[in-house]
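*Asks:* First the structure, then my questions, so here it is.
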Amino acid sequence: MTSTVRRAAAFALVGSLSLLVPALSVVRSLPAVAPVWSAATETVVATAPFVLIAVLALTAVDEGRLFDLFERPGDRQEGKLYGLAGFALAVAGLALLSVQFGLPVWAFVGSVFALSWGNVGERLVDAVTDERVVATGGFVAAGFLAATLASALAATLVGVELTGEFVALLAFLGTSAGLLGALLRSVLFERDDPLVLLSIGLVLWLFSDLPIDTTATRVAVALGVTAGLGYVSYALDTASLPGMLTGVFLGLLTIVLGDFRWFAMLITFFGLGGLSTKFRYDEKLERGIAEENEGARGSGNVLANSLVALVAVLVAAASPSHTGVEPVFLLFAFAGSVSAAMSDTFSSEFGGLYDEPRLITTLERVEPGTDGGVTWQGGVAGVVGAALIAGIAAGLFGRVGPTGGAVILAAGVAGMLVDSLLGATIEGQWVGNQGVNFLATLAAAVVAAALAVAAVPL
C-alpha cells in the first residue's frame, strides 16, 4: 500500500467517526441519560472528538509514525498536521450545523464519507494508472457508495424508515456528493479539502430540503446517461476534466429535479456547442479567435453558460410549495437561458470565421475576435441555435407549444444581442467573458419568463 493510499485511509477512518453523531440519538434515549441530556450536551459530545483531533494535530503530534501517516505536503516543513486539523474542524462545523441548525444527519454523514472515502477510491486507482479521468471515476464511485451506505445507516440510527422513496433520495444525495467532491477537487488543491467538505454539506442540505420525487432507477439512469455523454465530450476534447464533471453534475440535477425533457435542451447545448467550438479550429486559431485549451471548455465556461439554467431547475423543484412561483415560468426561464447560450455560442463560433465584423454599437468595422464585433452570418447562426432549443421545448412540452417556442426563440436572440452589447461596452473593463455570458443568459431567462406571463396561458 502506497503512502498516499495509507494517508487517505487514515483520513477516512477519522471521517467515519461522524457516525457518532447519529448514534447520539440512541444514547440520549437511555433512561439513565435522558433526564440530564440537553442541547448543549449534545453539541459538546457531537463536536468534541473532532475538536480534540484538531488540537492534537496542532500541538502534540509533530513527529513519529502518526505524523508520517497523516502528513500532507507542507506539514513536514511546519511541523504541524494542518491538513488533519482543518479536516477535523470542518467535520466539527458540519456536526454543529447538524445538531443545532437542522442539517439532516444523513446529509452530514454522507458529505463526510463522500469526501474521505472518495479520496481512498481515487488514491487506489491512482496507484495502478496515470489516467486522471479514471482516477476521478474512482473518487466518484467510492464517494457515492460510501455516502449512500453511511447516510442510510445514519438515518436508521435516528429512527428514519428506509422507504423506497427515501432510499432514492439518499442515492441522489450520494451521487451528487461524489460528483461535486470530484469537481471541486479537480479545481482546488488537496489542502482545500475542508472547503470542499463544507461545500458538499451545504449543497446536500439544500437538496434535502427540496421536495424531490424520484426513484433509485431514475438516479442510476441519469448518472449513466450523463456520465457516458460526459466521457464522450472529454474523449473528443470538447470539455476539460473539470468541464466534464461540471456538465455531468448539471445534467444529473436537470434529469432528477426536472426530467429528461429539460435535459434534452441542456445536452443539445453541451453537445452541439462543444462541436461548434471544434469546427475549423485550426482556422480559428490562425485568426486568433479560438477557445483556449484546444477548444476544451472548462468548468468556468460551462457554469457561466449554465448557472442560470441550474438555478431555474432548482427553484422549479422547490415550486410552488416552497417559493409560490408557477413552475411553467421557470421552465421558460430555463429554456430561454439555454437558448441564449446556444445562440451566442453558434454566433461566435461560426460568425468568427467571416471577415469584416462590425461593432454592434457603432457598426464600424473591427478586427475578427473583437469583443462586441458581429457579422450577419454569425447572426443567422445565432438564430438557428436559438431555434434548435425553442423547437425542442415546443416539441417536448405541451404547455410550451408554438407560441411558447416563439417566446424562447426571441429570448435566445435577445440574450445573444445582450452578450454582444456587453462585449462592446463593459467586457474587459468591468467583467470578463464568462461574466458577460452569465449576464446574457440571465437577461434571456428574464425575457422568456416575462413574455411567457403575457403569451402563454396557465
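*Asks:* At 0.36 nm per residue, and after removing the present C-alpha to C-alpha distance, how many nm does the segment from V51 to A264 gain when stretched out fully?
*Replies:* 72.0 nm
*Asks:* Looking at F279, A40, T370, which one has the Cα that reaches farthest to the positive end of the dipole of the chain (charges on Cβ: Lys, Arg +1; Asp, Glu -1)?
*Replies:* A40
*Asks:* Once you put a point 7 Å from the Cα of L236 and another 7 Å from the Cα of Q429, both along the Cβ direction, what distance in nm separates them?
*Replies:* Taking the simple label geometry, L236 and Q429 are separated by 3.9 nm.
*Asks:* Under a point spin-label approximation (7 Å from Cα along Cα-to-Cβ), what is the F101-A454 distance to one decimal in nm?
*Replies:* 4.3
*Asks:* Follow-up. Once label points are set 7 Å from the Cα along Cα→Cβ at both V33 and T217, what is their separation, rounded to one decimal in nm?
*Replies:* In this crude label model, V33 to T217 measures out at 4.1 nm.
*Asks:* I'd like the Karplus ³J(HN,Hα) series for the stretch 79-91: coefficients 6.51, -1.76, 1.60, θ = phi - 60°, whole numbers in Hz, and an x wherever there's a Gly or Pro.
*Replies:* Here the 3J(HN,Hα) series is x, 9, 8, 5, x, 5, 4, x, 4, 5, 5, 5, 5 Hz.
*Asks:* Something else about it: Taking θ = phi - 60°, what integer Hz values does the Karplus form 6.51 cos²θ - 1.76 cosθ + 1.60 yield along the stretch 185-198, in sequence order, with x for Gly and Pro?
*Replies:* 5, 6, 10, 10, 9, 4, 5, 8, 4, x, 5, 4, 4, 5
*Asks:* A further question follows. Using only the Cα atoms of the stretch 396-435, what are the Rg and Dmax in Å?
*Replies:* Spelled out, the Cα radius of gyration and Dmax of the stretch 396-435 are 14.6, 44 Å.
*Asks:* Pick the calculated percent of Cα pairs over 32 Å apart for this structure from (1) 36; (2) 41; (3) 46?
*Replies:* Looking at percent of Cα pairs over 32 Å apart for this model, the match is (3).
*Asks:* So who's got an amide H within less than 5 Å of the one on V325, skipping anything under 5 residues away but keeping other chains? H placed 1.01 Å off N, in plane.
*Replies:* none
*Asks:* Using amide H atoms built 1.01 Å from N in the peptide plane, name the residues 5+ places from V374, or on other chains, whose amide H lies under 5 Å from its own.
*Replies:* Amide H neighbours of V374: R358, L359, I360.
*Asks:* Explain nothing, just compute: Karplus ³J(HN,Hα) = 6.51 cos²θ - 1.76 cosθ + 1.60, θ = phi - 60°, for every residue of the stretch 210-223 in order, whole Hz, x for Gly and Pro.
*Replies:* Each residue's phi maps through the Karplus curve to give 7, x, 7, 10, 8, 10, 4, 4, 5, 4, 5, 5, 4, 5 Hz.
*Asks:* Please compute the per residue accessible area over the chain with all protein chains in place, 1.4 Å probe, rounded to a whole number of Å².
*Replies:* That works out to 43 Å² per residue.
*Asks:* Separation of the stretch 329-383 and the stretch 195-226 by C-alpha centroid, Å?
*Replies:* 35
*Asks:* Treating the angle as unsigned and between 0 and 90°, give the value, to the nearest 10°, between the Cα long axis of helix 241-253 and the longest Cα principal axis of the chain.
*Replies:* The two axes meet at around 90 degrees.
The values are calculated or read from the model by the stated rules, or taken from the named source; none is laboratory data. The structure presented is a predicted model; accordingly, all values stated were derived computationally and were not measured. Neighbour counts are summed over all protein chains in view; Cβ atoms, including those assigned to glycine, are modelled from backbone coordinates with ideal geometry. Accessible surface areas use protein heavy atoms only, side chains included; no ligands, DNA or RNA. Shrake-Rupley method; radii C 1.70, N 1.55, O 1.52, S 1.80 Å.
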